[in-house]
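One structure below.
The values are calculated or read from the model by the stated rules, or taken from the named source; none is laboratory data. Since this is a predicted model, take the numbers as computed values, not measurements. Using ideal geometry, Cβ is built from the backbone for each residue, glycine included, and neighbour counts are taken over all protein chains shown.
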Amino acid sequence: MGAYFGVASKKDCLSDIFFGTDYHSHLGTKSAGIAVYDQEVGLQRKIHNLGGAPFRVKFEHVFTDMKGTAAIGCISDEDPEPLVIRSHLGIYAILVIGVISNVDEIVQKYLDQRGHLGVANGASQNIAEITSAIIDQKDSFTEGIRFAQKEIKGTATILILKEDGKIIAARDKVGRLPVLVGKNEDGYCVSFESFAYQKLGYLDYMELGPGEIVEISPDEIVQLAEPGDKMRICSFLWTYYGYPTSSYEGKNVEIMRCDNGVLLAENDMKNGKCEGIDYIAGVPDSGTPHAIGYANKSGIPFARPYIKYTPTWSRSFMPDIQRDRDKIAKMKQVPVRELIEGKSLLFVDDSIVRGTQLKETVDFLYSHGAKAVHMRSACPPIMFGCKYLNFSRATSDMELITRRTIKDLEGEEGFKHLDEYSDGNTERGKKLRKSICDKFGFSSLEFQSLENLEKAIGIDKCKLCTYCWNGKE
């Protein structure tokens, strides 16, 4: 995944860009960068690999090494950013969060003709480099960004820091990611997460619409392009990767997750599936609020049968090799034996993607004396790998536990009946759930319905991206 923060201020902004970017550390693990503008020094930039140490350790020297009144910062799971570009539009820093799925087409169609420096083999190029090359095809930033939004298949939310100290912010064309703007007495900031600027003393000012482009200075925000009519904001913002204290399109993440758990419990209560459960628990951390909502509605006590030990093994520094990731995931789980031994436990997870670590968790619970382990997913069965964002490590549909299980049940013929497999009331849906239970040792398994998920989010369902569940664009 990845995230962004930007500041345009009348005063030195290093403190705000440092802490604002750091507050996005839950959205990126590999690299981070800051570009700063100062009237005397010009554009400055630092990029660091985050392997082995968090953002605040790698960037603690920026207060002495850099200065300026405008800045953009980025934390990423993919390419090092921001980049500094020199073109006919001037010298500028750019960062882009998203996915470009038609890189080769873009390189062949546009970039080779104009000879944009550095884009020789599109498959290995930085997303910001490719996007800047498209922007530079036109005679202004606004025209260029509009052109990029039109030509890029995927998602591209863009921040540009110009050599005059102004920031251009452009939300991706259908608004899959949020772009929020805060204001204080010295200027404005732009952010992925609303809490990041609220903690720094900024007040909510506006949220960009899909495809909207604005130019931000300390004194004003100027709209360069109006928002489009179509929105497809990612539903996983609420169920999984958004920070609990943030809000998108007016809906708070923590509230949504609790509401979602309530709807899960209502369905189980209606079908008599809550009987005999001793404790409700969340798979930490993002499954916890869903579980709290479930517990509050069902009346079954909430508990934490195991605790994650994060001081030395935080999410940000998990190894790339799956075998090592699985081992560390196991090492992080510290049991509370009194809440496990002889107990029937119902866990709520934010989602079930590959299921690898869930199998380790269930084995861990049974090894410490659990009587039964029931599992609930706070979202529907994931049937399609996301092609718009990089928030999941799954690289193909067949990495998904649902797809593998369906193929085991009836071969590729089963892929013609994904709607039935998603629905727990159909024969195919029941077989999918039973087969996954048998593989992982769950006493029972159920998924949230798409209808209830949309209800919990609480915005017009036509504005939500639900591609990973139903394959609809």
request  = Within the stretch 241-255, track down each residue that is within 17 Å of Gln448 (Cβ to Cβ) and surrounded by fewer than 21 Cβ atoms within 10 Å (Cβ to Cβ).
outcome  = Tyr241, Lys251, Glu254, Ile255
query = Would you say Leu365 is out of contact with any His (no Cβ under 7 Å at 6 or more places or on another chain), surrounded by 15 or more Cβ atoms within 10 Å (Cβ to Cβ) and either of a type in the set (Val, Ile, Thr) or under 27 Å from Lys270 (Cβ atoms) (or both)?
reply = yes
task = Report yes if Ile352 is of a type in the set (A, V, I, L, M), surrounded by 16 or more Cβ atoms within 10 Å (Cβ to Cβ) and closer than 29 Å to Gly276 by Cβ, otherwise no.
result = yes
note = Given the conditions (1) under 26 Å from the mean Cα position of the chain (by Cα); (2) touching a residue at least 40 places away in the same chain (Cβ under 8 Å), every one holds for Val62 apart from (1)
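Restricting attention to the stretch 388-401, does a residue exist that is at pLDDT 95 or above and polar (S, T, N, Q)?
First, pick out the residues of the stretch 388-401 that are at pLDDT 95 or above: none.
No: zero hits.
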query = Looking at (1) under 16 Å from Met383 (Cβ atoms); (2) of a type outside the set (Gly, Ala, Ser); (3) surrounded by fewer than 19 Cβ atoms within 10 Å (Cβ to Cβ); (4) under 27 Å from the mean Cα position of the chain (by Cα), can you tell me which one Lys463 breaks?
reply = (1)
query = For Ile94, which of the numbered conditions (1) of a type in the set (A, V, I, L, M); (2) in a helix (DSSP H, G or I); (3) within 25 Å of the chain's Cα centre (by Cα) fails to hold?
reply = (2)
Conditions (1) modelled with pLDDT of 85 or more; (2) over 23 Å from Lys58 (Cα atoms); (3) surrounded by fewer than 22 Cβ atoms within 10 Å (Cβ to Cβ): number failed by Ile85 = (3)
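Identify, please: which residue in the stretch 427-442 is touching a helix residue (DSSP H, G or I) at 6+ places or on another chain (Cβ under 7 Å) and closer than 23 Å to Val262 by Cα and is, among those, surrounded by the fewest Cβ atoms within 10 Å (Cβ to Cβ)? Even if it seems obvious, please write down each step before you answer.
Pass one, the stretch 427-442, residues touching a helix residue (DSSP H, G or I) at 6+ places or on another chain (Cβ under 7 Å): 428-429, 431-432, 435-436, 440-442.
Next, from what is left, pick out any that are closer than 23 Å to Val262 by Cα: 429, 442.
Numbers: Gly429: 19, Phe442: 22.
Only one residue tops the list, namely Gly429.
Residue-wise test of (1) assigned by TED's automatic domain parsing to the domain that holds Phe447; (2) closer than 19 Å to Gln149 by Cα; (3) within 22 Å of the chain's Cα centre (by Cα); (4) surrounded by fewer than 21 Cβ atoms within 10 Å (Cβ to Cβ).
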{"site": "Gly175", "(1), (2), (3), (4)": "no, yes, yes, no"}
{"site": "Glu220", "(1), (2), (3), (4)": "no, no, no, yes"}
{"site": "Glu226", "(1), (2), (3), (4)": "no, yes, no, yes"}
{"site": "Ser235", "(1), (2), (3), (4)": "no, no, yes, no"}
{"site": "Gly261", "(1), (2), (3), (4)": "yes, no, yes, no"}
message = I need the full set of residues from the stretch 58-95 which are at negative phi and of a type in the set (Gly, Ala, Ser), in order please.
response = Ala70, Ala71, Gly73, Ser76, Ser87, Ala93
